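The values are calculated or read from the model by the stated rules, or taken from the named source; none is laboratory data. Note that the coordinates shown come from a computational prediction; the quantities given were computed from them, not determined experimentally. All Cβ positions, glycine included, derive from the backbone under ideal geometry; neighbour counts span all protein chains shown.
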Amino acid sequence: MNQREIAGRIVGFDDENFMVNHNDWDESIAAALAEEEGVGLLNDRHFMVIEYLRRVYEEKGTGPTIRRLTKESGVPTKELYSLFPGAPAKKAARISGIPKPKGCI
Amino acid sequence: MSTLLEEKPVEKKEERTPVKRVSIIVSQGSLEKVYPALIMANGARMEGIEATLFFTFFGMDAILKKKQDKLKVATVGNPAMGIPTIVGAIPGMSAFATKMMKKEMEELDIPPVGEFLEMIEDAGGEIYACKAAFEMFHLKKEDLCSQVKEIITVGDFYEKSAGAQIIFT
């Protein structure tokens, strides 16, 4: 685990830069992580994804598949890819403060 | 000779360049041949890797509106299935194995072929049909699902695969 300062706080990250404890997360950390990931300013649509990811993670202990994410968060696949350009599932998980997605889908 | 043996192996500094593009050829139409290709293409897009799918020969079934969601598992000539070929050939075996596999896949949230192709297209993946197979099977454009971007020749395929890793399935 690596401790580092982000948004004025000391937070733990794993080797792939995912937060170790999702309870340390808040919106200012999300904004700082979004900046690091090249996502830029977070808007309502980003937060729809982030809140959905965090809710599923808190309920199930694991993030949703991308299929479930696009079906249930209200953000369709195309938009998801434009909100989190590059690697959407990983980036969204990182910014949401939850672990790296484990599934293949 | 002895000097050769004593020579230290040249230490190669391995530079691992990340995969940037993949071009996946789907040439077979059974369920267990089509899905790995779709999972790989979708997985590539999820990692920010450009992905192209090229359907040819019996792989064309996966992009035919009428057939794509009716693909079957091959129960004959598939030793890993654990069913002797002669048993696999009994009518209904393939349908049964297909049903079982689809159930398992649904639990893993793996979508039906048609929906999967839609997901891949929405994710920015490109889907092509092979011209030779298209003509060989006497297909019409309206037989193809809407995600097919173009019907292309093998030459076009190589052109579109510039700089990509080509994967044949």
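Quick notes on this structure:
Yes/no per residue for (1) surrounded by fewer than 17 Cβ atoms within 10 Å (Cβ to Cβ); (2) farther than 16 Å from residue B:33 by Cα; (3) out of contact with any Lys or Arg (no Cβ under 7 Å at 6 or more places or on another chain):
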position: B:59; (1), (2), (3): no, no, yes
position: B:74; (1), (2), (3): no, no, yes
position: B:78; (1), (2), (3): yes, no, yes
position: B:109; (1), (2), (3): yes, yes, no
position: B:121; (1), (2), (3): no, yes, yes
position: B:147; (1), (2), (3): no, yes, yes
position: B:163; (1), (2), (3): yes, yes, no
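- All helices (runs of 4 or more DSSP H) inside region A:24-105 with 1 or more residues being within 11 Å of chain B (Cβ to nearest Cβ), out of contact with any His (no Cβ under 6 Å at 6 or more places or on another chain) and modelled with pLDDT of 95 or more: A:77-83, A:88-96
- In region B:45-62, the residues that are on the phi > 0 side of the Ramachandran plot form Cβ pairs under 6 Å with partners that are of a type in the set (A, V, I, L, M), at six or more places apart or across chains, as follows: B:48/A:87; B:57/B:133.
- Spans of strands (runs of 3 or more DSSP E) in region B:55-169 with at least 1 residues touching a Phe, Trp or Tyr at 6+ places or on another chain (Cβ under 8 Å), modelled with pLDDT of 95 or more and among the β-branched types (Val, Ile, Thr): B:126-130, B:148-152
- Count - residues of region B:96-139 that are small (Gly, Ala, Ser), out of contact with any Cys (no Cβ under 8 Å at 6 or more places or on another chain) and either more than 23 Å from residue B:161 (Cα to Cα) or free of Cβ contacts under 8 Å to residues at least 40 places away in the same chain (or both): 1
- Single residue of B:36, B:79, B:112 found to be within 14 Å of chain A (Cβ to nearest Cβ) and either farther than 28 Å from residue B:156 by Cβ or touching a helix residue (DSSP H, G or I) at 6+ places or on another chain (Cβ under 6 Å) (or both): B:112
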